[in-house]
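One structure below.
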Amino acid sequence: MAGQGAGQGAGRVLGANLRARRDEQGISLSELARRSGIAKGTLSQLESGAGNPTIETVFSLSNALAVPVSSLLNEPPASDLVHVRSSDVDVLTGDAVDLRMLRRLEHPGSLLEVYDQQIRAGAVQHSAGHPGTEHHVVLTGRLRISAHGQQFELEAGDYLAFRAHAAHEYEALDGLVRSVLLLEYPPDGQPASLESLHLS
């Protein structure tokens, strides 16, 4: 797809984690290619750290391996005090979205991934769906999210959560949108119910 993927740092971490997750599950490159729809040669490049993964690639691998995205992108922090500058984090780029994973938070009952998210105007970001529940907080701009057969227009300070298992879309309405995305995985790997989020 068009657009720049992650930098070399994210590619290196992804390669090591991808190989480790595949070895843990006893999956061949050919089988992972079949499950993810990504060519075997591309997977081989990614595992060697030479690839340039996009948002779509990383989420396809997450779905194929049934693991959280952070299991592929996370490098454990070196200390108990963690300071992350967004500008220092490699970007995963899609058609309209730039994502920087700032932190993976594990707590009893859930796993959270914290992302700095930017949505560029002039294109729509499509997601085929993935495990977990997305929590969005818009910081600047106006964002349209289409999910569960509905459209929501969010402004600065607005919040929306939805199960991400079905196809959904993002579109910036008036220029660049800055937002925080929390991707929540319950401990059993199944998305939280809308009822538990009081969104039904």
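The values are calculated or read from the model by the stated rules, or taken from the named source; none is laboratory data. Since the model is a prediction, treat every value here as computed from it, not as a measurement. Ideal geometry is used to build each Cβ from the backbone, glycine not excepted, and the neighbour counts take in all protein chains shown.
The residues of the stretch 55-71 that are among the hydroxyl-bearing types (Ser, Thr, Tyr) and buried (at least 21 other Cβ atoms within 10 Å of the Cβ), listed by number, are THR57, SER62, SER70. Taking the stretch 132-158 as the region of interest, how many residues are closer than 18 Å to LEU99 by Cα and not aliphatic (A, V, I, L, M)? The number of residues fulfilling the criteria is 9.
Entry remark, the stretch 30-52: residues being of a type in the set (A, V, I, L, M, F, W, C) and surrounded by fewer than 16 Cβ atoms within 10 Å (Cβ to Cβ) number 2 in total. If you check LEU173 against the conditions, is it outside the structural domain of PRO68 (by TED's automatic domain parsing), at pLDDT below 95 and of a type in the set (A, V, I, L, M)? So LEU173 fails the test.
For (1) in contact with a His (Cβ under 7 Å, 6 or more places away or on another chain); (2) touching a residue at least 60 places away in the same chain (Cβ under 8 Å), each residue gets a yes or a no:
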site: ALA50; (1), (2): no, no
site: LEU65; (1), (2): no, no
site: LEU73; (1), (2): no, yes
site: HIS83; (1), (2): no, no
site: LEU92; (1), (2): no, yes
site: VAL97; (1), (2): no, yes
site: ASP116; (1), (2): no, yes
site: ALA147; (1), (2): yes, no
site: GLN151; (1), (2): no, no
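Take ALA20 and tell me if it is small (Gly, Ala, Ser), over 20 Å from LEU154 (Cβ atoms), free of Cβ contacts under 8 Å to residues at least 12 places away in the same chain and out of contact with any His (no Cβ under 8 Å at 6 or more places or on another chain). Spelling it out, ALA20 is indeed small (Gly, Ala, Ser), over 20 Å from LEU154 (Cβ atoms), free of Cβ contacts under 8 Å to residues at least 12 places away in the same chain and out of contact with any His (no Cβ under 8 Å at 6 or more places or on another chain). Of the set (1) assigned by TED's automatic domain parsing to the domain that holds ALA166; (2) closer than 18 Å to ALA166 by Cα; (3) assigned to a loop (DSSP other than H, G, I, E, B), all apply to VAL67 but (1).
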